[in-house]
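Engineer: Before anything else, here's the structure in question.
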Amino acid sequence: MADPTSFLFLLSMMLLLLQSYLFSFANAEILNVTTDKSALFELKAHISSKDSHHVLISNWSSNTHICTWVGVTCGSKHLRVKALNLSYMDLNEFSGALPEIGNLTMLRALFLYENNFEGTIPSSLLKCTQLQYLDMWNNNFTGRLSPEIGNLTMLTYLYLAQNKFEASTGRQKLKGTIQRLSPVRARV
């Protein structure tokens, strides 16, 4: 028969390993949700003062979980932001470029159409490798579209028409980029 001391030692070690695993997993989840929350607060800081309907001012609060915020959809398993929809909210005069929205690494859908956002589309958006839907139609975005948008291989819907992108972006070059994303439905 096994020594009870050995059994208790083995059981203690297993519990210690389990506790360590659970703590590191929980800590990683907290950090990821914190990263998502910081990215959303950064976005809010750029538009809340121009938010004519006070949607973000009254709803996006540190007192509530981000998964309950207007326009935010989270995954049920990890409670990470998987969709952001600020369309038709008349968020006027967005100041400067979009902030580090690329920190929303689990983002699968970004809908910002029918607003008055301006500035360039940040290269940090390319960190959203899970992105499947990107719709920024009918805003005032400017600058050049990065051909690296073709690296978003999960993208199935891209709609960027009715903006003020530079002509030197080159429709042919952009078309080639979009064709690499096949079968993407795109309109630029």
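The values are calculated or read from the model by the stated rules, or taken from the named source; none is laboratory data. This structure is a prediction, so every number in the text was calculated from the model and none was measured. When we count neighbours, we look across all protein chains shown, and the Cβ atoms used for this are built from the backbone with ideal geometry, even at glycine. Each accessible area value is taken on the protein alone, full model and side chains, heavy atoms only, with ligands, DNA and RNA left out. Shrake-Rupley method; radii C 1.70, N 1.55, O 1.52, S 1.80 Å.
Engineer: If you count, for each residue, the other Cβ atoms within 10 Å and average over each peptide, how do 32-40, 68-76 line up from highest to lowest?
Structural biologist: Answer by packing, highest mean first, reads 32-40, 68-76.
Engineer: If ligands, DNA and RNA are left out, what is the accessible area of GLU148 with a 1.4 Å probe, given in Å² to the nearest 10?
Structural biologist: 90 Å²
Engineer: Figure the gain on full extension for GLU148 and LEU126 (residue separation times 0.36 nm, minus the Cα-Cα span) and round it to one decimal in nm.
Structural biologist: 7.2 nm
Engineer: Take each of the peptides 153-164, 105-116, average the number of other beta-carbon atoms within 10 Å over its residues, and list them starting from the highest.
Structural biologist: 105-116, 153-164
Engineer: Mind listing the long-range amide H neighbours of ARG144? Cut-off is under 5 Å, sequence gap 5 or more, other chains count too, H placed in the peptide plane at 1.01 Å from N.
Structural biologist: Counting only residues 5 or more places away or on other chains, the set is GLU166.
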